[in-house]
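Structure, as structure tokens:
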Amino acid sequence: MWNSIHLHLHHLLLLIVVVAPSLLLCSLVESVQLELKSGHTKCISEEISDNAMSVGNYIIVNPNEGYPIPNSHKITVRVSSPRGISYHYAETVDSGTFWFNSKEAGDYTACFWAIDHSPAVTLIIDFDWKSGVAIKDWSKVAKKGHVEAMELELKKLFDTLSNIHYEMLYLRKREEQMQELNKMTNKKMFTFSLLSLLVCLSVAGLQLWHLKLYFVRKKVL
């Protein structure tokens, strides 16, 4: 029995060593603090695969702690898809939350616009944006299911491996699209080069014909 447990632990550690670097690459987690001047706009983009859950939170840091946030510290927020479809819109707010399930792969954008104010003020925005496997709260899963520590780790690894597999398929699809784009570009460049060559030869032929007629009229030839 102890040999079996030791073997499982060995396999688990091996999986962690292999998966950990990939987990850092494929889990989209964005937690930043933005500085935004009144009357200006600042946007953040994240590349998200299709059919992935995404959650974001934003809040303006109160410059006067203990007092209500001033009216000058209000923002308008818009989160949109690569095609410009709006997933979240809030106007004149000091905090908010958004969540959505992506319908297409690409760069999703969150834009913040601060209302114009005189004199100008600088707003500090705490912004946290997560998607994919990073959203799951494994501590709650453990409490809810009362699972053993090893079972929880295996569940984490299984979910992570599934996410890595999905990301690999997505990257392969993007690679195929890029190859197809390169083929189309090469084909267009070949056609353009051929047309340019034909035009040059035609112009050269017309010039020779014109010179021949000129010399014939001058009785040189």
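Assorted remarks:
- Modelled label positions at H210 and D107, each set 7 Å beyond Cα in the direction of Cβ, lie 4.8 nm from each other.
- Cβ-based net charge around Y89, under 15 Å, with every Lys or Arg adding one and every Asp or Glu removing one: +1
- Ordering of 90-101, 53-64 by packing [mean C-beta count within 10 Å, highest first]: 53-64, 90-101
- Proportion of all alpha-carbon pairs of region 28-71 beyond 14 Å (%): 65
- The simple spin-label model puts a point 7 Å past each Cα toward its Cβ; for F158 and D128 those points are separated by 2.8 nm.
- Note on N51/T185: beta-carbon distance plugged into 1/(1 + (r/R0)^6) with R0 of 30 Å gives a FRET efficiency of 0.50.
- V199, V121, ranked by accessible area, largest first (probe 1.4 Å): V199, V121
- Inter-label distance for F192 and K218, nm, one decimal - labels placed 7 Å from Cα along Cα-to-Cβ: 3.9
- Each Lys or Arg adds one and each Asp or Glu takes one away; over the other residues whose Cβ falls under 12 Å from the Cβ of L181, this sums to +1.
- Taking each residue as 0.36 nm, the span from Y67 to S202 lengthens on full extension beyond its C-alpha to C-alpha distance by 40.6 nm.
- Local electrostatic count, N71, Cβ distance below 15 Å [Lys/Arg +1, Asp/Glu -1]: -2
The values are calculated or read from the model by the stated rules, or taken from the named source; none is laboratory data. All of these numbers come straight from a predicted model, not from anything done at the bench. Every residue, glycine as well, gets a Cβ built from its backbone with ideal geometry; the counts of neighbours run over all protein chains shown. Protein only, heavy atoms only, side chains kept; ligands, DNA and RNA dropped before computing areas. Shrake-Rupley method; radii C 1.70, N 1.55, O 1.52, S 1.80 Å.
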